[in-house]
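Engineer: Sending over a structure as structure tokens; questions will come in a sec.
The values are calculated or read from the model by the stated rules, or taken from the named source; none is laboratory data. Please read these numbers as outputs of a predicted model, since none were measured by experiment. All Cβ positions, even for glycine, are placed from backbone atoms using ideal geometry, and neighbour counts span all protein chains on display. These area figures cover heavy atoms from the full protein model, side chains too; ligands, DNA and RNA do not enter into them. Shrake-Rupley method; radii C 1.70, N 1.55, O 1.52, S 1.80 Å.
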Amino acid sequence: MTFRRTLLLSILAVALAAGCKDKASSAGGAPLPPGAIEVTADENGFKPSSVTFKKGAPASLVFTRTTDETCATEVVFPALDVKKDLPKGTAVTIDIPTDKAQKLTFQCGMGMYKSAVVID
Ligand SMILES: [Cu+2]
């Protein structure tokens, strides 16, 4: 009884560890395209709250929402007329135009969390 229980627990532990490893490699293992910057949406808003891209270079933001405790379930770029849902745990890529120097903002659906994208 005790032995079987120990065995079961160790099998479970191995399975969990393997599961974690798989998750980490699929999430962190995918290489970001050139010019991509990761942005996290959590209970404090967007992180980083300000990013800078070089004019003329490829640029994109890869958003991942990490919690349900946030209003940032979508991201809005008013100047680009872009609005995208941010499903929890799913990377959402938004291409940033860098043809001219400018400052863009992105924000949550209600405009509470605001962040800046500077192209220069
Ligand atoms: Cu909000």
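Engineer: Can you pull the accessible area of residue 69 for me, 1.4 Å probe, Å² to the nearest 10?
Structural biologist: 140
Engineer: Within straight cross-link reach of residue 114, meaning Cα distance under 19 Å, which aspartates and glutamates are found once same-chain residues fewer than 8 apart are removed?
Structural biologist: 38, 42, 43, 68, 69, 74, 81, 85, 95
Engineer: Take peptides 81-92, 96-107 and line them up by average Cβ neighbours within 10 Å, highest first, as a rough protection proxy.
Structural biologist: Descending mean neighbour count gives 96-107, 81-92.
Engineer: Grab the Cα-Cα distance for residue 88 and residue 110, subtract it from 0.36 nm times how many residues apart they are, and report the gain in nm with one decimal.
Structural biologist: 6.1 nm
Engineer: Report the full-extension gain for the segment residue 80 to residue 52: residue separation times 0.36 nm, less the Cα-Cα distance, to one decimal in nm.
Structural biologist: Difference between extended and current length: 8.4 nm.
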